[in-house]
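K.L.:
This is the structure I want to talk about, given as structure tokens.
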Amino acid sequence: MQHSQPHTNKGAVLLFSLIVLVLMSMIGLSAMHNSSMQFRMALQSKQKSQSLNVANAVLQQGEAYIIKNIKNLDDMSKMNDSALKGLYSGAKLGTFIKNVNYAIDSFSDKNFLIQKNWSSSNSRRYQKPSGREGDGYYFIEYIGQQEKGAFTTTNTAQHKPPRKSYIFRVVAIGWLDDPKIYSILQSTIKIQF
């Protein structure tokens, strides 16, 4: 006759299984958190890229405004008109622009790199075409003139009268859904007349 001996484990397998279950749960939660974090980073990266596209469209609208509306010296007087928000003059121009009005002076803390400082009171709102998403503002600042000298062509000794170039800075901000994710672009445009 054989006698069976009593087991002395008394729940060791149960305890070991519980520890393995807790560890697996922690690994699973960590993987979910990691996946969620990567998703948010990818979404933010996508929004940043899209906000850059919107800012570029806003910048192009500002440049188009200059090309369309500044054709001669009389048009330059618009750069002094306080009723036309978003147009500034950082330089004087004879009788056409008498007062220097820097764009940066119109921003509350002198910082246009912060999205909340942009408004319709200090810049021009982006007029988005139908079907386009996003929002933004731009401002235009006349920053001075450059005089081109006369030149001689290689075939003849003709001299052309000097032409003056008028230089403008266009600064634009654009965002898509989240105004905390935005892009700011700047360009310099030169027109001659």
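K.L.:
For region 67-106, which residues satisfy the criterion of being within 25 Å of the chain's Cα centre (by Cα), within 19 Å of Gln192 (Cα to Cα) and among the β-branched types (Val, Ile, Thr)?
P.N.:
Ile67, Ile70
K.L.:
Another question, if that's okay. Can you tell me which condition Lys110 does not meet? The list is (1) in contact with a Phe, Trp or Tyr (Cβ under 9 Å, 6 or more places away or on another chain); (2) closer than 24 Å to Asp135 by Cβ; (3) of a type in the set (Lys, Arg), and all the others hold.
P.N.:
Status for Lys110: all satisfied but (1).
K.L.:
Sticking with this structure for a sec: Specify the residue that is surrounded by the most Cβ atoms within 10 Å (Cβ to Cβ); the eligible residues are those in region 67-82 that are of a type in the set (S, T, N, Q) and not in a helix (DSSP H, G or I).
P.N.:
Ser82
K.L.:
Which residues, counting only those in region 117-129, are hydroxyl-bearing (Ser, Thr, Tyr) and over 16 Å from the mean Cα position of the chain (by Cα)?
P.N.:
Ser120, Ser121
K.L.:
Taking region 52-66 on its own, how many of its residues are open to solvent by 40 Å² or more (accessible area, probe 1.4 Å) and within 9 Å of the chain's Cα centre (by Cα)?
P.N.:
Total satisfying the criteria: 3.
K.L.:
Another one. Determine the pairs where a residue that is free of Cβ contacts under 8 Å to residues at least 12 places away in the same chain, located within region 114-128, has a partner that is open to solvent by less than 40 Å² (accessible area, probe 1.4 Å) with Cβ atoms under 9 Å apart, the partner being 6 or more residues away or on another chain.
P.N.:
Ile114/Phe107; Asn117/Phe107
K.L.:
Now for a different question. Pull out all pairs, ordered by first then second residue, where Cβ-Cβ is under 9 Å, the residues are six or more apart or on different chains, the first lies in region 175-193 and is of a type in the set (A, V, I, L, M, F, W, C), and the second is part of a strand (DSSP E or B) and open to solvent by 60 Å² or more (accessible area, probe 1.4 Å).
P.N.:
So the pair list comes out as Phe193/Lys164.
K.L.:
Right, another one. Could you run through region 83-95 and say how many residues are under 15 Å from Gly144 (Cβ atoms) and open to solvent by 60 Å² or more (accessible area, probe 1.4 Å)?
P.N.:
The qualifying residues number 2.
K.L.:
Quick one: Ile114 ticks every box in (1) open to solvent by less than 20 Å² (accessible area, probe 1.4 Å); (2) hydrophobic (A, V, I, L, M, F, W, C); (3) under 17 Å from the mean Cα position of the chain (by Cα) bar one, so which box is it?
P.N.:
Of everything listed in (1) open to solvent by less than 20 Å² (accessible area, probe 1.4 Å); (2) hydrophobic (A, V, I, L, M, F, W, C); (3) under 17 Å from the mean Cα position of the chain (by Cα), Ile114 misses just condition (1).
The values are calculated or read from the model by the stated rules, or taken from the named source; none is laboratory data. Keep in mind that what you see is a predicted model, and the values were worked out from it rather than measured. Every residue, glycine as well, gets a Cβ built from its backbone with ideal geometry; the counts of neighbours run over all protein chains shown. The accessibility values were calculated without ligands, DNA or RNA, using every heavy atom of the protein model including side chains. Shrake-Rupley method; radii C 1.70, N 1.55, O 1.52, S 1.80 Å.
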